[in-house]
Amino acid sequence: MLYLNAKEIREIFSMREAIESDREAFMIQAEGLAEVPVRTNFDVVNDGITSFMPALIKKYPRAGIKIVSTYTENYKRGMSAVSATVLLADPETGVVNAMLDGTELTRMRTGAVSGLATELLSNEDAERGALFGTGGQAASQLEAVLTARPLKEVRVFDMTAERVADFISRMEECASKFGTRLVSAGSPQEAVTDADIITTVTTSSQPVFDGRCVKPGAHINAVGTFLPHKRELDEYIVRRADRIFIDNREAVMSEAGEFLIPMSEGRFSEEMIAGELGDLLLGRVAGRSDKKEITLMKTVGFATLDIVIAHKVYEKALKAGIGTEL
């Protein structure tokens, strides 16, 4: 069995490659070339969830599973809120022949979803961004959005100002490569006002900004929550958005509180969702048609993304002779 740690994964796989990996994964999913059950979530302790996410990618073929835990209080231990491991099975023998740091893979592929959506849906002349959340997923979200659109400025907001300052310090070198200035936002309204691209990557149960502050033409990536009782976006912006896209319809209709909460109250319907990103990539549905449209992408994550990127990283590692044989 080959083991690949986070450092090794970062050494051989770039964010641009992650975005292209997600592009392929979405098309594989849309073309029916993957078998992906909805994840199984276990509430282990208060605010502690362990999930099992299997998938078979028929195109390769390659079967695998990601085991991922989301513990919102981990920051108090100096740990990431999200941790994961990915296992891949050999297609010839069924024997597990690869173990990869799923935390790093999750960061890369989830960031890449926002990067891909930003590339497909945001206005090309976007200049200002807003980022909500500074946890373990935030760095890859920022890098992916800037890979798609090298913004002039990104305003960062978190409930704790010290975390914002630390995040900006850590990400300054990355941002400078894109010519981007990172700014601490004093309030959600300050972050959102005049923002062309808004990304939310928090564990919040309640909306993190007022949708009435979003300007016409903005694009929103809603990333952080994946439980029916939680939502980062308020009902106003969900209903106001002109084009709504999702990563996986079955998963979103089971897990996305942004839609499920207003649906339960009769104020949102599934028909208001334009389609999956895979449908957009295959030309089955139209994307943005006007610079003034507000576009929204909601992702809860699904295992096709994980197994496709894990397969690509594994194959590249074999060629490069990187990793540890266990």
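Remark on the chain: ratio of C-alpha radius of gyration to 2.2 N^0.38 Å is 0.94. When the chain is described by a simple charge dipole with +1 on each Lys and Arg Cβ and -1 on each Asp and Glu Cβ, the residue from 224, 266, 41 located farthest towards its positive end is 224.
By its C-alpha gyration tensor, with a ≥ b ≥ c as the square roots of the eigenvalues, how is the range 248-294 shaped: rounded for a/c under 1.5, else prolate for a/b larger than b/c, else oblate? Present the calculation step by step, with values, prior to reporting the outcome.
On the way: a/c = 2.82, a/b = 1.51, b/c = 1.87.
It is oblate, given that a/c is not under 1.5 and a/b is not larger than b/c.
Note on the chain: with charges restricted to the Cβ of Lys and Arg (+1) and Asp and Glu (-1), its dipole about the Cα centre is near 240 debye.
Within the range 19-86, the ratio Rg/Rh, alpha carbon atoms throughout and Rh by Kirkwood, equals 1.09.
Taking the convex hull of the Cα atoms, report for the range 92-249 its projected area averaged over all directions, in nm². Write down the numbers at each step before the final one.
Values: hull surface 43.8 nm².
Average projection, Cα convex hull of the range 92-249: 11.0 nm².
Mean sequence separation of contacting Cα pairs (under 8 Å, at least six apart), scaled by the length of the range 1-88, corresponds to a relative contact order of 18 percent. Extending 7 Å from Cα along the Cβ direction at residue 31 and again at residue 184 yields two label points whose distance is 4.9 nm.
Computed over every Cα-Cα pair of the range 217-272 and binned at 5 Å starting from 0, the pair-distance distribution P(r) comes out as 4, 19, 34, 30, 10, 2 percent.
Entry note: the range 2-47 has Rg to Rh equal to 1.12, where both radii use alpha-carbon atoms and Rh is the Kirkwood radius. Secondary structure note: in the chain, about 50% of the DSSP beta bridges are antiparallel. Kirkwood hydrodynamic radius of the range 1-138, from the reciprocal of the average inverse Cα-Cα distance over all distinct pairs: 16.7 Å.
Taking all C-alpha pairs of the range 152-222, those more than 19 Å from each other amount to 34 percent. Each part reduced to its alpha carbon centroid, the range 174-190 and the range 287-326 end up 25 Å apart.
Each reported figure results from applying straightforward, stated rules to the coordinates on display, with no laboratory input. What you see is a predicted model; the values in this text were computed from it and never measured. We place every Cβ from the backbone using ideal geometry, glycine too, and count neighbours over all the protein chains shown.
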